[in-house]
1. Expressed in nm², what is the orientationally averaged projection area of the convex hull enclosing the Cα positions of the chain?
2. Determine, for VAL225, VAL157, the number of other Cβ atoms within 10 Å of each Cβ, and report the residues in order from fewest to most.
3. Identify which of HIS343, HIS369, HIS50 has the largest mean-square fluctuation in a Gaussian network model of the chain, with springs joining Cα atoms closer than 10 Å.
4. Across the range 1-118, how large is the tail of the calculated P(r) beyond 21 Å, expressed as a percent of all Cα pairs?
5. In 5 Å bins starting at 0, how do the alpha-carbon pair distances of the range 156-300 split up by percent?
6. Using the number of other C-beta atoms within 10 angstrom as an exposure proxy, rank THR42, THR169 with the fewest first.
7. Stick to Cα atoms and the Kirkwood definition of Rh, then tell me Rg/Rh for the range 52-142.
8. Going by average Cβ neighbours within 10 Å, how do the peptides 197-204, 158-165 rank, with the highest at the top?
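Every number here is computed from the coordinates shown, using simple stated rules; none is lab data. This is a predicted model, so every value here is computed, not measured. Please note: Cβ atoms are built from the backbone with ideal geometry, for glycine as well, and neighbour counts cover all protein chains shown.
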Amino acid sequence: MSEQHKPSKLVYRKADSFVVLNGAEPSLMRAAIDRVARLAATLVSEPGAHRRAILKRACDDLLAPAQERRAFRLRPFVAAEMALLSDAMLPRYLSYRYRYDVFPVEYRLDGFPPCVQIEVTSFCNFRCVFCYQKNPDFKRRSNGFMGFMKPEMFKRVVDQLEGHVEAVTMASRGEPLSSSDICEMLAYLPGKFLAAKMNTNASFLDERRAHAILQSGISTLVFSVDAAVEPLYSSLRVGGTLEVVERNIRRFAEIRRKHYPDVPLITRISGVRFSDAQDVEHICRYWQDAVDQVAFVDYCPLEDIYAQPETGIETPCSELWRRLFVLWNGSIEVCEPDFREVHKPCRIDEWNITDVWLGDYYQRLRQHHFDGQRQAVEPCCRCPVE
Ligand SMILES: C[S@@+](CC[C@H](N)C(=O)[O-])C[C@H]1O[C@@H](n2cnc3c(N)ncnc32)[C@H](O)[C@@H]1O
């Protein structure tokens, strides 16, 4: 394998993590703007002053002339998400998307995180070269990081979020489809969230799981696949083989085409840009008939953030205003790079999500970041995410 790809930035801008995105049709942008214009004309009838104010800013920003560079911009993948939704759902979606895109960069909060990630399991069958899963301390049973969420815990978390949080991602440190309870969990989702997503390495994507996903209301399914040839694939995604994940992904596409042609879903191959041997153009072409989109994100040094040198970055990490992680055992964690759970505000059975999101632990941490004291906080001082 050729040399490791160096991150293109020293700061990892989470708000702009896509470095390549193919398949999100620019033609959908015009249709999205027309729908926003129609919504803007009827905003007075939207319920709730807080939501109405957010929607007004969202519509104003999206309808402003492009050269004004407002905080909230329409991007092709957002237009593709909007195309999945009826007009009746559009206000809910725009309100969520505005909060997700703008609140973290303006350091604004309301009662709920714009997004919550639910860690179905911390276990993974792969040891990807760029991931903390290859870290022996993380895997060591006696350290207590490994486990599977119980369906009852999953349902309690979902019950807390429904009606308040639209973006729920089933993935964090582990491989969600490795859970033997995954189909029961997926069956609890339909109708509850507008932006439900799952990230998977696709190695456990059998027919039963494919049907469960397609019936769950998940609207974005991300297949983490970083290559289109061997031995590159298995040298990056250690423990996996291209043959198996390709068979599974193509079978999923076939099941979808045959049995669920009208299910609103975006499938995406997502790669981490890590090695110069990854031919991004070839990878996009190779996968384009199996999925709706192919994207690449920049590599972030996640393998062991605690061993990284201090960055000197003094700007706050936007993740503290963007999303919260519920770990397999119900603990709440503030971010993904902190895989050793240094920042663990509480357990979910002792708190509700709003109390945690607006609670002392989170607010103190945000204040440190906001006051330029990030370098005094471990491991934030070593993390490039902004
Ligand atoms: C940690 S994985 C867990 C979910 C699942 N096992 C999977 O492979 O998608 C979640 C996502 O993070 C991405 N990822 C892993 N390490 C990364 C890194 N160092 N930089 C950027 N993204 C990374 C993966 O490619 C994947 O899309």
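1. On the way: hull surface 74.1 nm².
Computed as one quarter of the Cα hull surface, the answer is 18.5 nm².
2. Numbers: VAL225 27, VAL157 21.
Starting with the residue having the fewest Cβ neighbours, the order is VAL157, VAL225.
3. Comparing HIS343, HIS369, HIS50 in the GNM, the peak value goes to HIS50.
4. Details: 3106 of 6903 pairs.
Counting every Cα pair in the range 1-118, those more than 21 Å apart make up 45 percent.
5. 2, 9, 19, 23, 19, 14, 9, 4, 1, 0
6. Values: THR42 10, THR169 22.
With the sparsest Cβ surroundings first, the list reads THR42, THR169.
7. Values: Rg = 18.6 Å, Rh = 16.3 Å.
So for the range 52-142, dividing Rg by the Kirkwood Rh gives 1.14.
8. Working: 197-204: 21.5, 158-165: 16.5.
Result, highest mean first: 197-204, 158-165.
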